[in-house]
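Novice: Just dropping this structure here.
Just so it is clear, none of the values below were taken in a lab; they were calculated from the coordinates. Bear in mind the structure is a predicted one, so any value in this text is a computation, not a measurement. Cβ: placed from backbone, ideal geometry, glycine included. Neighbour counts: every protein chain shown.
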Amino acid sequence: MKQSLLFAPTLRDMPKEAEVISHKILLRGGYIKQGAAGVYTYLPLGYRVIKKIENIIRYELDNIGCSELLMPSLQSKDLWVESGRWDAYGKELMRLSDRHDREFCLGPTHEEVITSIVRDHVKSYKNLPLALYQIQTKFRDEFRPRFGLMRGREFIMKDLYTFSSTQEDLDEWYLKVRKAYQNILDRLDLKYRIVRADSGNIGGKNSEEFMVLCDIGEDTIAYSDESEFACNVELMDLKEGDPSPDGKGTIKLAKGIEAGHIFKLGTKYSEPMKCVFVDKDGKSKPIIMGCYGIGVSRLLMAVLEQHYRDDKAVWPEEISPFEIHIIPLDKEGTPAYDKALEVLQKLEAKGYDCLFDDRGESPGSKFKDADLIGIRNRIVVGRKASEGIFEYKNLANDNTIEVTLDDLMEMEF
Ligand code: ATP
Ligand code: MG
């Protein structure tokens, strides 16, 4: 893509409202723009990264047999009264009414809607199991929106719901989804821990959170230095140095960002909402449910908190907004610029997603923007272009080397 057509309003100065590095990078690189407290536009660069994260999630969930759908954000009060959450959810629920004074909310989560859909269409154990997910904008009137996309009032979530006829089947789905989540976070190159958690507003007895380890995390997790034991401290009062409750090792504390949360809901929604099926024995029973969320927009920041150098983004390979940034230092119409175009065509022909700086800006200004945007692989076509020599820089290790077109054709980006 030509950079002259990319809308990436980079900021030369450090924005005052940003307190954490990931937020600074996204604002300065022209990735996002604030609309109101906790409400953001994903500008083209930010949205490219979001779509890449979404596609990793889609791939891993489709791979275990889940199907994607898209439910409405506007949800009728009646459903929330049925589940008992219209009052219980409290002030976080964004409520509104239509011109006929019928009441609605903007979905903070979709257990009610999905349960009402499944109860209308699933009658027998033969129709089960089902695993349905969506990637959608959620609304929560957070008391304290902060850190940009980390705690928004409007944010993108992936929410998956499973419907089983037996507890064993739910247990199997839970483990499959847990593994898919591990794959997703591994592909995003994140360091994280899976911890036992409080089920909060969603409910159910059993839940685990995927905590991206990071000092700015709002949650504190306690983990054993010798075993897999790990839990959110809101669940148990554990201090650094305590013996681990599983009898193995001692407790250490760390800060984490909650990237995902998986729940065994059981019949918490299916019972009050009468989402039932006829089992093999001819009896009518409530469907056994699980629900599983990932904070897609929050992940954009969580990834950056672990992937930057010198205040600049170093995106993990799979989610860099573009794979390669090609920067000709000479103006259009010069032989060096034509060389740069040749590099672009050859790399595009190999299937790489390239950003080409065709703007008539000074080299200094092009480099400044390139640093603020932070595309992983950079090819500069400059002084030695006439000899067929270019500069290649990988932002991950900050090394610059001289390469020829043949070298570039052999490299993997
Ligand atoms: P938190 O404890 O951070 O408020 P939660 O337990 O309310 O999260 P869930 O209801 O489990 O979150 O939502 C699923 C996922 O959505 C979370 O794991 C998190 O990654 C993301 N998420 C939740 N609230 C927000 C928010 N206000 N802004 C951005 N992402 C969010
Ligand atoms: Mg919350």
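Novice: Taking neighbour Cβ counts within 10 Å as the exposure measure, how do Val39, Val49 sort from fewest upward? The partial results should precede the final answer.
Specialist: Numbers: Val39 13, Val49 24.
Starting with the residue having the fewest Cβ neighbours, the order is Val39, Val49.
Novice: For each of Val303, Val276, count neighbouring Cβ atoms within 10 Å of the residue's Cβ, then give the residues from fewest to most.
Specialist: Numbers: Val303 25, Val276 17.
Ascending number of Cβ neighbours within 10 Å: Val276, Val303.
Novice: Can you tell me which of Asp98, Asp279, Asp215 moves the most in a GNM of the chain? Springs connect C-alpha atoms under 10 Å apart.
Specialist: Comparing Asp98, Asp279, Asp215 in the GNM, the peak value goes to Asp98.
Novice: Next question, about the same structure. For Lys312, give me every one of the lysines with a C-alpha distance below 23 angstrom, ignoring sequence neighbours fewer than eight places off in its own chain.
Specialist: Lys2, Lys16, Lys24, Lys33, Lys51, Lys52, Lys191, Lys255, Lys366, Lys368, Lys393
Novice: For Trp80, Trp86, which order do you get if you count the other beta carbons within 10 Å of each Cβ and list the fewest first?
Specialist: Ranking Trp80, Trp86 by Cβ neighbours within 10 Å, fewest first, gives Trp86, Trp80.
Novice: What is the Å³ per residue value for the convex hull set by the Cα atoms of the range 281-338? Write out the running numbers ahead of the final one.
Specialist: On the way: hull volume 12.2 nm³, N = 58.
Convex hull of Cα atoms, per residue: 211 Å³.
Novice: Need one number for the range 322-410: average projected area of the convex hull over its C-alpha atoms, nm². If you can, show how the numbers build up before the last one.
Specialist: On the way: hull surface 21.0 nm².
Spelled out: convex hull of the Cα atoms, projected over all directions, averaged, 5.2 nm².
Novice: Sticking with this one: In whole Å, what is the distance between the alpha-carbon centres of the range 236-252 and the range 163-196?
Specialist: Here the answer is 25 Å between Cα centres.
Novice: Whose amide H sits under 5 Å from the amide H of Leu43, counting only residues 5 or more places off or on another chain, with H placed in the peptide plane?
Specialist: Residues meeting the amide H criterion: Ile32, Lys33.
Novice: State the volume of the convex hull built on the alpha-carbon positions of the chain, expressed per residue in Å³ and rounded to an integer.
Specialist: On the way: hull volume 72.2 nm³, N = 413.
Looking at the chain, the number lands at 175 Å³ per residue.
Novice: For the range 132-143, in order, what is each residue's ³J(HN,Hα) by Karplus, 6.51 cos²θ - 1.76 cosθ + 1.60 with θ = phi - 60°, in whole Hz (x at glycine and Pro)?
Specialist: 10, 9, 9, 10, 7, 7, 10, 10, 9, 7, 4, 4
Novice: So, one more: Using θ = phi - 60° and the Karplus relation 6.51 cos²θ - 1.76 cosθ + 1.60, list the HN-Hα couplings for the range 278-287 in order, rounded to whole Hz, with x at every Gly or Pro.
Specialist: These are the phi-based 3J(HN,Hα) values: 8, 7, 3, 7, x, 8, 8, 9, x, 6 Hz.
Novice: Calculate, in whole percent, how much of the Cα-Cα pair population of the range 30-134 lies beyond 21 Å. Could you put the intermediate results ahead of the total?
Specialist: On the way: 3059 of 5460 pairs.
Within the range 30-134, distances greater than 21 Å cover 56 percent of Cα pairs.
Novice: Across the range 65-107, what fraction of all alpha-carbon pairs, as a whole percent, falls in each successive 5 Å bin from zero upward?
Specialist: Bins of 5 Å from zero give 6, 20, 28, 21, 12, 9, 4, 1, 0 percent of pairs.
Novice: Counting pairwise Cα distances across the range 224-312, what percent come out greater than 23 angstrom? Let's see the in-between values first.
Specialist: On the way: 2204 of 3916 pairs.
Percent of Cα pairs beyond 23 Å in the range 224-312: 56.
Novice: If I stretch the segment between Arg12 and Leu405 completely, what's the gain in nm (0.36 nm per residue apart, minus their alpha carbon distance), one decimal?
Specialist: On the way: separation 393, 0.36 × 393 = 141.48 nm, distance 3.29 nm.
Stretched out fully, the Arg12 to Leu405 stretch lengthens by 138.2 nm.
Novice: Could you pull out every residue, at least 5 positions away or on a different chain, whose amide H is within less than 5 Å of the one on Met94? Hs are placed 1.01 Å off N in the peptide plane, and Pro or chain starts have none.
Specialist: Placed amide hydrogens put Leu106, Asp141 under 5 Å from Met94.
Novice: Please report, to one decimal in angstroms, the Kirkwood hydrodynamic radius of the range 87-210 built from all distinct Cα-Cα pairs. List each step's numbers first, then the result.
Specialist: On the way: mean 1/r = 0.0587 Å⁻¹.
In the range 87-210 this quantity evaluates to 17.0 Å.
Novice: Around Asp311, what is the net charge, scoring Lys/Arg as +1 and Asp/Glu as -1 over all other residues with Cβ under 12 Å from its Cβ? Mind showing how you got there, number by number?
Specialist: Numbers: positive: Lys24, Arg28, Arg309, Lys312; negative: Asp310, Asp371.
Residues near Asp311 contribute +2 overall.
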